[in-house]
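*Asks:* Before I ask anything, here is the structure I am working with.
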Amino acid sequence: MISMNNICKVYETGKVRFEALRGIDLDVKDNEFIAIVGPSGSGKSTLMNLMGCLDTPTDGEYYLEDERVETLSPNQLAEVRNKKVGFVFQAFNLLPYASAYENVELPMIFSGMKGRERKKRVTDLLNRVGLGNKMTNKPTEMSGGEMQRVAIARALANNPKLILADEPTGNLDTRSGAEIVKIFHQLWNDGRTVIVITHDMSIANQCQRIIRLKDGAVFEGNGNGTQFSQQRINK
């Protein structure tokens, strides 16, 4: 699904030059469950932004499902983000004035999905994450765990194969965090590729593979999770 060859990302502000990523070589197969870990400033979020086509590399080659990302136009990149990748963020990034239903529906509107199909899919997705009874609630009327479940439903809106989650449990209590990780396992069981950025090694160790970053480079990329490295959990 993903092939990165000698990926570099440099940020320049005036005379200041910062290398966020330095020569990343990374392959991700279809239907892998991967954790990306590393200290603050190691390049984790920058790598996720490149994987999700939120940014493009300064140098190197990035192929997403055999498409070379650096050659895509801004409109093509937007289409990739809308249809091929689902994003889940630590801060949820929900529209505060919109209901759970409307937050999940929005990517479907952008993709041109018809109204009847949208209604069925939004309803199915919110039921799937256990929020069928809170479709009209706004984020201010929900707990952190509920908001993150809405965000996951939104990430699934256009049925992407790739789910990218940046510290998805960072703002949650232990119980809510465990519920979110369970949903990611279910998505993996369903055949999706799931990549989670986390500081929490108890979460990383539940993944199929661990990639460690240090100073913008892959420090160790072949570590296996403990409990789930050889078999999937039950749905």
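*Asks:* Among V37, V10, which is the only one that is closer than 15 Å to F219 by Cβ and of a type in the set (A, V, I, L, M)?
*Replies:* Only one candidate qualifies: V37.
*Asks:* Considering (1) among the charged types (D, E, K, R); (2) in contact with a helix residue (DSSP H, G or I) (Cβ under 9 Å, 6 or more places away or on another chain); (3) more than 17 Å from K29 (Cα to Cα), say which one E70 fails and leave the rest.
*Replies:* The single condition E70 does not satisfy is (2).
*Asks:* Do we have any residue at all in the range 115-127 that's at pLDDT 95 or above and part of a loop (DSSP other than H, G, I, E, B)?
*Replies:* Checking the range 115-127: not a single residue is at pLDDT 95 or above and part of a loop (DSSP other than H, G, I, E, B).
*Asks:* Output the residues belonging to the range 96-111 that are surrounded by fewer than 21 Cβ atoms within 10 Å (Cβ to Cβ), aliphatic (A, V, I, L, M) and touching a residue at least 12 places away in the same chain (Cβ under 8 Å).
*Replies:* A98, L106
*Asks:* Taking the range 145-185 only, how many residues are surrounded by 17 or more Cβ atoms within 10 Å (Cβ to Cβ), among the small types (G, A, S) and more than 18 Å from E32 (Cα to Cα)?
*Replies:* Residues flagged as surrounded by 17 or more Cβ atoms within 10 Å (Cβ to Cβ), among the small types (G, A, S) and more than 18 Å from E32 (Cα to Cα) within the range 145-185 amount to 6.
*Asks:* Going residue by residue through the range 67-80, is there one that turns out to be touching a residue at least 24 places away in the same chain (Cβ under 8 Å), crowded, with 17+ Cβ neighbours inside 10 Å and either in contact with a His (Cβ under 7 Å, 6 or more places away or on another chain) or under 19 Å from F219 (Cα atoms) (or both)?
*Replies:* No, the range 67-80 contains no residue that is touching a residue at least 24 places away in the same chain (Cβ under 8 Å), crowded, with 17+ Cβ neighbours inside 10 Å and either in contact with a His (Cβ under 7 Å, 6 or more places away or on another chain) or under 19 Å from F219 (Cα atoms) (or both).
*Asks:* Follow-up. Being in a loop (DSSP other than H, G, I, E, B) and within 13 Å of the chain's Cα centre (by Cα) is the filter here; which residues of the range 160-184 pass it? Break it down stepwise before answering.
*Replies:* First, the residues of the range 160-184 that are in a loop (DSSP other than H, G, I, E, B): 160-161, 167-173.
Hits for the range 160-184 are P160, K161, E167, P168, T169.
*Asks:* Check off (1) in contact (Cβ under 8 Å) with a residue 12 or more places away in the chain; (2) at negative phi for G60 and give me the number that stays unchecked.
*Replies:* The one condition G60 does not meet is (2).
*Asks:* Which members of the range 185-203 meet the condition of being of a type outside the set (A, V, I, L, M) and either touching a helix residue (DSSP H, G or I) at 6+ places or on another chain (Cβ under 6 Å) or part of a strand (DSSP E or B) (or both)?
*Replies:* T193, T198
*Asks:* Moving on. Condition (residue is farther than 16 Å from A98 by Cα, in a loop (DSSP other than H, G, I, E, B) and hydrophobic (A, V, I, L, M, F, W, C)) applied to the range 136-153: is it met by at least one residue?
*Replies:* No; the residues of the range 136-153 include none that is farther than 16 Å from A98 by Cα, in a loop (DSSP other than H, G, I, E, B) and hydrophobic (A, V, I, L, M, F, W, C).
*Asks:* In this structure, does M135 turn out to be closer than 19 Å to P160 by Cβ and free of Cβ contacts under 8 Å to residues at least 60 places away in the same chain?
*Replies:* Considered against the rule, which asks whether it is closer than 19 Å to P160 by Cβ and free of Cβ contacts under 8 Å to residues at least 60 places away in the same chain, M135 comes out as no.
*Asks:* Sticking with this one: How many residues are under 19 Å from the mean Cα position of the chain (by Cα) and under 25 Å from T58 (Cα atoms) when one looks only at the range 25-35?
*Replies:* Selection size over the range 25-35: 6.
*Asks:* A follow-up question, please. If we keep just the residues of the range 31-58 that are at pLDDT below 95 and of a type in the set (D, E, K, R), which is farthest from L77 (Cα to Cα)?
*Replies:* K44
The values are calculated or read from the model by the stated rules, or taken from the named source; none is laboratory data. Model, not experiment: these values are computed from the prediction. Positions of Cβ are backbone-derived with ideal geometry, glycine not excepted, and every protein chain shown enters the neighbour counts.
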